[in-house]
Amino acid sequence: MAQPVRKAVFPVAGRGTRFLPATKVIPKEMIPIVDKPVIQYAVEEARAAGIEHFIFVISNGKEAIASHFEEHTELEQTLEALGKTAEVSLVRDVTLPHGSLNSVKQEEPLGLGHAVWCARDLVGNQPFAVILPDDMVLSKTPCLKQILDIYADVGGHVVAVEDVSRDKTNKYGILDVTKDMGNLVRARGLVEKPLPENAPSTLAIIGRYVLDPMVFEVLGNHKRGTGDEIQLTDALNSMIQKLPLHGLRFEGLRYDCGSQIGFVEANVAFALAHTEISESIKPLLRKLLNHK
Ligand code: G1P
């Protein structure tokens, strides 16, 4: 029986240069999709999947990410005095319980594998989840919950996967599939960002992982890979004989908020899925399209 997963790591140290000047002062994860910052969707997904401990791997200037989930007594009191009870709830709902939140700094931008390694002491010796907030998923069951359910059955390492077009394999970690069972696949290898002609498949890792703490040992070797960065994909690949890696073709639609087009697409998709504004957005979108 696999151990329950209670901790999640959120690598959010990136500079967000693709979103300058918006990210000159504000972390890119604090930019809203409809009515909530990107990071809040990731944390809500984790909470809905039973995660109780939240670890942010940040860099200088990104402290606002953790503050967003801490108690803000002064703001609550001000809103209360104004009789704004609905707003008080909005502020309180986003507050994580005392002691459930930690941040650690990644001092140098050495890659995703290095960012995850920075969380080793906070994670300790237990399986843990990793969520890349840029990958936003609209689904019936939270994407992380879907992969945790699979992990409970198969153990080892589990990642969310999606079929991408071959010309995009150089943007993702790609699975070398040994067994395709439909929704679930087993990999015999992984390659980080292969060129289309070298890609072993078109099945790409999406930013949801369940990992074994043994991965910290491998990441601790600080071996550089693609882009001269320490790659999580490479660490998982080197452990694949010992720890089987499964990919889940999750139910739901993924939006890549790390690109400008993906960010706009996510805003529209999440607005259309939003209970309160969905109906008002539809005619607006139609109107805009008719003017093109
Ligand atoms: C990272 C991982 C990659 C994964 C991707 C998912 O790449 O290194 O394996 O497929 O996230 O979004 P990045 O997008 O940070 O370059």
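The values are calculated or read from the model by the stated rules, or taken from the named source; none is laboratory data. The structure presented is a predicted model; accordingly, all values stated were derived computationally and were not measured. Ideal geometry is used to build each Cβ from the backbone, glycine not excepted, and the neighbour counts take in all protein chains shown.
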Please specify each residue of the range 7-21 satisfying the condition of being free of Cβ contacts under 8 Å to residues at least 60 places away in the same chain and crowded, with 18+ Cβ neighbours inside 10 Å.
G16
In the set E52, E44, E29, which member is within 25 Å of H98 (Cβ to Cβ), crowded, with 21+ Cβ neighbours inside 10 Å and not β-branched (V, I, T)?
E29
Quick one: which of V191, V268 is in contact (Cβ under 8 Å) with a residue 12 or more places away in the chain, farther than 19 Å from Y151 by Cβ, crowded, with 16+ Cβ neighbours inside 10 Å and of a type in the set (A, V, I, L, M, F, W, C)?
V191
List the residue pairs whose Cβ atoms are under 7 Å apart, where the first residue sits in the range 61-90 and is free of Cβ contacts under 8 Å to residues at least 40 places away in the same chain, the second is in a loop (DSSP other than H, G, I, E, B), and the two are 6 or more positions apart or on different chains.
A64/P27; H68/V94; F69/V94; F69/T95; F69/L96; E70/T95; E71/T95
Exception for G258 within (1) farther than 18 Å from Q40 by Cα; (2) assigned to a loop (DSSP other than H, G, I, E, B) falls at (1)
Residue match in the range 73-82 (condition: within 20 Å of V38 (Cα to Cα) and surrounded by 14 or more Cβ atoms within 10 Å (Cβ to Cβ)):
no
Scan the range 212-227 for residues that are within 14 Å of the ligand (Cβ to nearest atom), surrounded by fewer than 16 Cβ atoms within 10 Å (Cβ to Cβ) and not in a helix (DSSP H, G or I) and jot them down.
R224
Evaluate the range 166-174: report whether one residue or more is surrounded by 15 or more Cβ atoms within 10 Å (Cβ to Cβ) and touching a residue at least 60 places away in the same chain (Cβ under 8 Å).
yes
Looking at E45, E70 in this structure, which one is within 15 Å of the ligand (Cβ to nearest atom) and closer than 22 Å to S89 by Cα?
E45
Within the group Y255, Y209, which residue is touching a His at 6+ places or on another chain (Cβ under 8 Å) and either of a type in the set (F, W, Y) or within 14 Å of the ligand (Cβ to nearest atom) (or both)?
Y209
Across (1) over 24 Å from V268 (Cβ atoms); (2) free of Cβ contacts under 8 Å to residues at least 12 places away in the same chain, P32 clears everything bar (1)
Residue pairs qualifying under the 9 Å Cβ cut-off, at least six apart or on distinct chains, with the first in the range 128-142 being in contact (Cβ under 8 Å) with a residue 60 or more places away in the chain and within 11 Å of the ligand (Cβ to nearest atom) and the second being assigned to a loop (DSSP other than H, G, I, E, B) and hydroxyl-bearing (S, T, Y), are D134/S259
What single numbered condition from (1) surrounded by 16 or more Cβ atoms within 10 Å (Cβ to Cβ); (2) out of contact with any His (no Cβ under 9 Å at 6 or more places or on another chain); (3) assigned to a loop (DSSP other than H, G, I, E, B) fails to hold for I230?
(2)
Taking the criterion of being among the hydroxyl-bearing types (S, T, Y), away from the ligand (no atom under 11 Å from the Cβ) and not in a helix (DSSP H, G or I), would at least one residue in the range 237-248 satisfy it?
no
From the set of residues in the range 82-121 that are out of contact with any helix residue (DSSP H, G or I) (no Cβ under 8 Å at 6 or more places or on another chain) and basic (K, R), which is farthest from the ligand (Cβ to nearest atom)?
K84
Which one of the conditions (1) out of contact with any helix residue (DSSP H, G or I) (no Cβ under 8 Å at 6 or more places or on another chain); (2) farther than 23 Å from D167 by Cβ does G207 fail to meet, given that it meets all the rest?
(2)
Taking the options G124, G155, G182, name whichever one is modelled with pLDDT under 95, away from the ligand (no atom under 14 Å from the Cβ) and among the small types (G, A, S).
G182
